[in-house]
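Let me begin by presenting the structure, written as structure tokens, before commenting on it.
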Amino acid sequence: MDIVCSKEELNLFKRIGEVAELLGVSCYVVGGFVRDKVLGRPTKDVDIVCTGDGIALAQAVSETFAHKPQVNFFKTFGTAHFRLNGLDVEFVGARKESYVPESRKPEVAPGTIEDDQLRRDFTINALAVSLNEQDFGKLIDPFNGIRDLEQKIIRTPLGPDITFSDDPLRMMRAIRFATQLDFVIEPDVFEAIRRNKERIRIISQERITDELNKIMAAKKPSVGLDLLFRSGLLKEFFPQLCDLSGVEIIEGKGHKDNFYHTLQVIDNTAAKSENIWLRWAALLHDIGKPATKKFDEGHGWTFHGHETVGERMTPKIFRQLKLPMNEHMKYVAKLVALHLRPISLTKEDITDSAMRRLLFDAGEEIDDLMILCESDITSKNRVKVKRYLENFEIVKQRLKEVEESDKIRNWQPPISGDEIMQIFNLTPSREVGVLKTAIREAILDGVIPNNYEAAYELLVEKAKELNLKTPNP
């Protein structure tokens with residue numbers, strides 16, 4: 001085999017070929033596994049195509065192992081799957097497909113390996129390697145996929161309009177592969193995406209978002225997000241992000257293009273963290289700017305309160321994109337709400353109180369918030385960026401010092417609401433909230449130390465102001 005495989009992979013392929021020979025069918029390893037092996041990328045997903053019953057082949061192969069891997073099969077799709085030695089191996093019969101305009105679900109009929117390659121999305125995914133005894137290891141490349149891998153080009157086997165109209169999700173996949181592999185989409189193919197962009201509406205949002213998340217997880221997400229924007233696809237399913245684009249000038253004063261600023265922030269964040277939800281916070285950190293944009297005569301453009309608007313928009317966007325409405329959404333909304341706080345501390349005299357409040361409000365997310373805020377420092381003016389970064393380092397150091405001395409991160413006041421109710425024989429009420437807040441604010445402002453005795457003294461004093469009875473002994 002011309003493609004370099006591990007000993008385990010080679011043994012598996014030979015075994016599959018031998019079983020296929022006994023069943024009287026031809027079989028091939030196809031698609032992404034072949035592509036990634038040529039590129040030298042790690043891969044664990046193996047797709048096997050046979051000219052016959054893929055489920056029967058999978059079951060027969062499984063039977064040849066002493067510890068038979070469990071075969072999961074899906075009769076509706078004619079596919080079967082098992083895991084072996086860390087590999088996910090999927091079997092399917094070769095097929096040809098035909099589509100109707102209203103659906104991405106094709107009519108499927110048995111076919112040859114040539115038919116199967118013809119139905120694939122891109123030339124780089126239409127590569128196949130024979131597992132048959134007579135030509136084991138032979139590369140079958142009818143559309144010059146190897147050449148396109150060498151030239152780093154995304155191209156379709158059929159005319160791109162046919163490919164994308166048949167299955168519009170392929171437009172997202174083209175952009176995703178270009179982003180992940182650092183390839184270029186052939187100009188005719190990109191123009192076909194533009195022409196067919198509205199076809200994406202027949203695809204479920206879950207499938208679209210799955211591709212979007214793969215773009216967000218790439219080394220440089222801005223590549224794919226820019227392609228989505230320029231192709232018009234992004235506006236079809238995420239118009240709020242497109243609203244960030246453009247520059248308006250009044251009285252000779254313009255604001256920066258917040259869309260491309262956002263892309264830079266995502267790349268900066270991606271360089272520091274693989275956390276997909278931190279990258280989503282970077283994507284949404286300025287999402288509230290279009291709604292808050294105002295021109296102030298003599299001053300320029302302002303976006304006051306965009307962090308609060310962005311926090312409110314986050315759950316709506318997550319629901320729209322079918323992203324998880326759980327702690328991940330809350331995490332992103334929290335970082336969007338707080339993303340200006342550390343930057344603002346670089347512009348004023350830094351008090352311990354301000355540091356304690358930031359640590360208290362951010363809690364466990366403080367480190368991620370600092371990554372986001374540092375990533376948000378973008379400018380073509382290198383001197384300005386250098387000054388901001390130097391000030392930001394001062395803030396980071398002060399946060400570290402305050403955290404070490406006061407232990408405020410995820411801090412809870414030394415006297416709880418339940419204890420306040422017990423001390424004063426109270427039920428849940430406004431007074432309990434007032435007393436809790438007084439203790440918390442006094443500690444955060446440095447008025448009293450963070451210990452029980454000081455908190456209790458303040459509690460008694462504030463209770464008298466509320467005309468509460470003397471506390472229980």
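The values are calculated or read from the model by the stated rules, or taken from the named source; none is laboratory data. Keep in mind that what you see is a predicted model, and the values were worked out from it rather than measured. Neighbour counts are summed over all protein chains in view; Cβ atoms, including those assigned to glycine, are modelled from backbone coordinates with ideal geometry. What goes into the accessible areas is simple: the full protein's heavy atoms, side chains included, and nothing from ligands, DNA or RNA. Shrake-Rupley method; radii C 1.70, N 1.55, O 1.52, S 1.80 Å.
Output the qualifying pairs, or none if there are none: Cβ atoms under 9 angstrom, residues six or more apart or on different chains, first residue in the range 435-462 and within 9 Å of residue 415 (Cβ to Cβ) and of a type in the set (Phe, Trp, Tyr), second residue open to solvent by 50 Å² or more (accessible area, probe 1.4 Å) and assigned to a helix (DSSP H, G or I).
From the range 435-462, no pairs qualify.
Exactly one condition in (1) crowded, with 19+ Cβ neighbours inside 10 Å; (2) without any contact (Cβ under 8 Å) to a residue 60 or more places away in the chain; (3) under 22 Å from the mean Cα position of the chain (by Cα) is not met by residue 306; state its number.
(3)
Residues of the range 411-434 being surrounded by fewer than 14 Cβ atoms within 10 Å (Cβ to Cβ) and not in a helix (DSSP H, G or I), which ones?
Residues satisfying the conditions are 412, 416, 425, 427, 428, 429.
Among the residues of the range 346-369, count how many are open to solvent by less than 30 Å² (accessible area, probe 1.4 Å) and either over 18 Å from residue 265 (Cα atoms) or among the small types (Gly, Ala, Ser) (or both).
9
Here is a check on your reading of the model: is residue 469 over 42 Å from the mean Cα position of the chain (by Cα), among the charged types (D, E, K, R) and open to solvent by less than 70 Å² (accessible area, probe 1.4 Å)?
On the way: over 42 Å from the mean Cα position of the chain (by Cα): yes; among the charged types (D, E, K, R): yes; open to solvent by less than 70 Å² (accessible area, probe 1.4 Å): no.
The answer is no for residue 469.
Of the residues in the range 449-466, how many are under 30 Å from residue 351 (Cα atoms), surrounded by fewer than 16 Cβ atoms within 10 Å (Cβ to Cβ) and modelled with pLDDT of 85 or more?
Final tally of qualifying residues: 6.
(1) within 16 Å of residue 374 (Cβ to Cβ); (2) in a loop (DSSP other than H, G, I, E, B): which one isn't true of residue 278, the others all being true?
With respect to (1) within 16 Å of residue 374 (Cβ to Cβ); (2) in a loop (DSSP other than H, G, I, E, B), residue 278 is out only on (2).
Residue by residue, here is whether (1) part of a helix (DSSP H, G or I); (2) open to solvent by 30 Å² or more (accessible area, probe 1.4 Å); (3) at pLDDT 85 or above holds:
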site	(1), (2), (3)
344	yes, yes, no
378	no, yes, no
383	yes, yes, no
388	yes, yes, no
395	yes, no, no
409	no, yes, no
436	yes, yes, yes
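Filter the range 114-125 down to residues that are modelled with pLDDT of 95 or more and among the hydrophobic types (A, V, I, L, M, F, W, C), then give me how many there are.
2
Can you name the residue in the range 292-310 that is in a loop (DSSP other than H, G, I, E, B) and in contact with a Lys or Arg (Cβ under 9 Å, 6 or more places away or on another chain) and, of all such residues, is nearest to residue 256 (Cα to Cα)?
Taking the candidates together, the pick is 303.
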